[in-house]
Amino acid sequence: MSNFFSLIYNEIAKIYIQKSTWIMYLLLGVIILGLGILANTYGDLNDGYEADTWRETLQEENEELTNEMEEEPFLQDFNLSSIEMNNYYLENDIQPAGYGAWQFVMENEMLLSIVSLLTIIVAAGIVANEFRWGTIKLLLIRPISREKILASKYGAVLLFSLFTLLFVLLLSWVVGALLFGVEGINPHIVMEKNTGFEYVSVINEIITGYGFQLVTLLMMATFAFMISTVFRNSALAIGTAIFFMMVGNQIVFFFMERSWAKYILFANTDLSLYFNGNTPWIEGMTLGFSITVLLIYYVLFLMLSWIFFTKRDVAGH
Amino acid sequence: MSETAMELIDVKKRIGKKEIIKGLSFTINKGEVFGLIGPNGAGKTTTIRMMVGLMQLSEGDVTILGKSIKSDYIEAVREVGAIVENPEMYPFMTGIQNLNHYARMIPEVSKQRIQEVISLVGLEKAAKEKVGRYSLGMRQRLGIAQALLHNPSVLILDEPTNGLDPAGIREIRMYIRRLAVEKNVAVIISSHLLSEIELICDRIGVIKNGELVAIQQVNEKTDIEKLKQVQMEVTPMNEAMELLQTHHGITAMETDGKLHFQSEKEKIPAMIRTLVEYNISIYQLEIAKSSLEDKFFNLIGENTIE
């Protein structure tokens with residue numbers, strides 16, 4: 001077993017020793033910092049409310065919003081919902097928390113698509129590059145089964161995505177803390193849900209929001225890994241994986257009328273539909289159904305990688 | 001006789017309908033340097049790929065110290081160190097990082113052993129440089145270091161002197177011989193250059209179109225192979241031809257103003273003595289080609305790929 005850990009160590013070392021990996025992290029860092037500075041400079045963020053005057057402040061805000069709405073009719077929708085939210089605070093007698101690090105992390109949820117992108121790039125290269133460099137020959141003539149080498153590579157991809165995710169969470173929190181301060185250990189805010197306004201824990205929102213997106217990340221990274229192993233071409237793997245990640249929803253939309261549409265991978269990747277009360281893509285789909293479809297795709301991707309990697313001859317280029 | 005290190009038993013490889021290796025059988029003994037020679041496309045690299053398990057055998061088997069590469073792959077390949085085609089390493093890692101990487105894949109390789117192989121191939125200075133900046137010769141050395149890390153019983157080197165300078169070739173040649181003699185390692189070397197293989201190997205197997213056409217012991221030459229092609233520049237030429245015929249029974253031919261004939265090396269001084277005695281001026285004497293090379297040319301024929 002220790003043997004397997006050194007294999008994973010090798011693969012991780014090969015990822016992080018390359019400059020391109022660090023450039024990806026640098027870009028990610030710049031984006032997070034940029035978002036923070038942008039929000040800090042242009043965002044209309046409150047610094048928190050005083051314990052004895054927060055009711056008056058909210059009332060004032062509502063008046064301002066109403067005035068604004070009269071002058072600029074196109075703001076109506078947005079301002080109305082802000083007013084309703086403020087009213088929810090007032091009615092339920094909850095003092096709103098100010099904007100802080102946790103909320104910044106929550107709003108950076110969309111950065112997970114960049115984490116997916118980086119994971120796809122790594123997954124697409126991890127097998128194909130060994131073939132491109134020619135190092136696959138020296139890698140496979142060790143007293144280690146091909147299954148184990150493939151498993152270590154897949155494990156390294158998953159670890160990479162975990163490290164990158166942690167990097168995003170941690171850096172977002174630190175940037176958020178520096179720019180906006182920290183509003184308690186577990187702040188709660190009011191959010192507009194399908195069923196109306198709800199008073200929710202920000203950390204809970206972070207976990208569910210990021211968690212649901214991890215499904216897409218895992219599926220697309222495994223897909224890229226499979227293409228990389230079968231076709232030994234990283235550009236093809238990156239291209240197809242990113243293409244499907246971007247147009248996946250349109251594909252489902254396009255085939256919506258067909259009876260088999262619910263079996264399309266992308267019809268099932270957004271599991272949050274089943275929890276926040278939205279209607280699923282196609283009638284009759286349930287959480288259990290989607291998880292089953294996802295599992296079948298997942299096993300299929302891994303099986304294909306496994307068969308092609310272990311059975312095929314390593315011949316010349 | 002010495003122990004068998006590696007055995008090929010009727011190894012065949014088909015790709016599609018085409019049979020590219022048509023039943024190879026031979027053994028390599030411990031402490032022996034075996035040369036695999038043949039023109040480009042003869043199947044040398046394919047054979048080597050099958051020996052190390054990179055390609056599956058269509059038929060037959062390869063055993064290493066009695067362990068089958070088909071049914072006991074991990075145990076069999078544990079005894080093998082190899083370079084297959086070019087010694088390709090991770091260009092973004094240093095020499096020592098590359099070696100550490102491969103060392104981690106085999107539990108019993110110590111840090112000390114890594115230093116040992118580095119100094120063996122003379123890469124002490126370059127070990128901390130990125131492999132991307134290495135010359136072909138340096139990569140070849142690193143390739144050999146990588147193959148030796150785990151003290152294998154069988155060392156397989158595909159064109160090992162490719163890209164090395166003459167001094168480097170000599171060094172590697174001496175090192176390979178020492179491995180065979182002192183450590184009892186079986187070494188398999190492939191090349192398309194006979195002159196190179198002749199100098200290192202004990203035995204040579206000739207491959208052509210996926211078939212083994214001959215196995216030749218290098219030191220045991222037959223009588224015909226002892227004959228050398230001799231070229232001689234002398235004046236007057238006719239007189240010299242007569243003298244060689246009468247005193248030594250040699251029929252010489254005249255082409256390009258030189259005498260050409262075949263003779264054993266040992267008889268040449270006596271001929272020169274005769275010629276000098278009869279006042280013939282000798283300007284030049286040259287032994288052109290060994291007959292072994294001629295023989296291989298006949299075996300291999302034209303450099304055709306079917």
Matching residues in segment A:153-212 - criterion: being under 18 Å from A:GLY277 (Cβ atoms) and either touching a His at 6+ places or on another chain (Cβ under 7 Å) or basic (Lys, Arg) (or both): A:LYS193, A:TYR199, A:VAL200
Number of the condition not met by B:ILE156 [criteria: (1) away from chain A (no Cβ under 11 Å); (2) assigned to a strand (DSSP E or B)]: (1)
Residues of segment A:178-198 satisfying the condition of being part of a helix (DSSP H, G or I) and either in contact with an Asp or Glu (Cβ under 8 Å, 6 or more places away or on another chain) or crowded, with 16+ Cβ neighbours inside 10 Å (or both): A:LEU179, A:PHE180
Qualifying residues in segment A:107-144 (those that are within 14 Å of chain B (Cβ to nearest Cβ) and among the small types (Gly, Ala, Ser)) - the one nearest to A:VAL157 (Cα to Cα): A:GLY125
Number of positions in segment B:42-77 that are of a type in the set (Gly, Ala, Ser), surrounded by fewer than 17 Cβ atoms within 10 Å (Cβ to Cβ) and more than 11 Å from every other protein chain (Cβ to nearest Cβ): 3
Selection from segment B:6-26 of residues that are touching a strand residue (DSSP E or B) at 6+ places or on another chain (Cβ under 9 Å) and either surrounded by fewer than 15 Cβ atoms within 10 Å (Cβ to Cβ) or closer than 14 Å to B:SER68 by Cβ (or both): B:MET6, B:GLU7, B:LEU8, B:ILE9, B:ASP10, B:VAL11, B:ARG14, B:SER25
Members of segment B:64-85 found to be outside any helix (DSSP H, G or I), on the phi < 0 side of the Ramachandran plot and within 26 Å of the chain's Cα centre (by Cα), listed by number: B:ILE64, B:LYS67, B:SER68, B:ILE69, B:ARG78, B:GLU79, B:VAL80, B:GLY81, B:ALA82, B:ILE83, B:VAL84
Every residue from segment A:272-299 that is more than 11 Å from A:MET219 (Cβ to Cβ) and in a helix (DSSP H, G or I): A:SER272, A:LEU273, A:TYR274, A:LEU287, A:GLY288, A:PHE289, A:SER290, A:ILE291, A:THR292, A:ILE296, A:VAL299
Those residues of segment A:4-24 which are closer than 18 Å to A:ALA151 by Cα and either in contact with a helix residue (DSSP H, G or I) (Cβ under 8 Å, 6 or more places away or on another chain) or at pLDDT 95 or above (or both), in sequence order: A:PHE4, A:LEU7, A:ILE8, A:TYR9, A:ASN10, A:GLU11, A:ILE12, A:ALA13, A:LYS14, A:ILE15
Conditions (1) crowded, with 16+ Cβ neighbours inside 10 Å; (2) more than 14 Å from every other protein chain (Cβ to nearest Cβ); (3) over 22 Å from the mean Cα position of the chain (by Cα): number failed by A:MET303: (1)
Flag if A:LEU273 is free of Cβ contacts under 8 Å to residues at least 40 places away in the same chain and under 20 Å from the mean Cα position of the chain (by Cα): yes
Matching residues in segment B:86-138 - criterion: being surrounded by 16 or more Cβ atoms within 10 Å (Cβ to Cβ), more than 10 Å from chain A (Cβ to nearest Cβ) and in a loop (DSSP other than H, G, I, E, B): B:VAL109, B:VAL121, B:LEU123, B:ALA126, B:ALA127, B:TYR134
Unmet requirement for B:ILE48, which otherwise passes all of (1) among the β-branched types (Val, Ile, Thr); (2) part of a helix (DSSP H, G or I); (3) touching a Gly at 6+ places or on another chain (Cβ under 8 Å): (3)
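The values are calculated or read from the model by the stated rules, or taken from the named source; none is laboratory data. For clarity, every value in this text was computed on a predicted model and none was experimentally measured. Don't worry about glycine lacking a Cβ; one is built from the backbone with ideal geometry, like all the others, and counts go over all protein chains shown.
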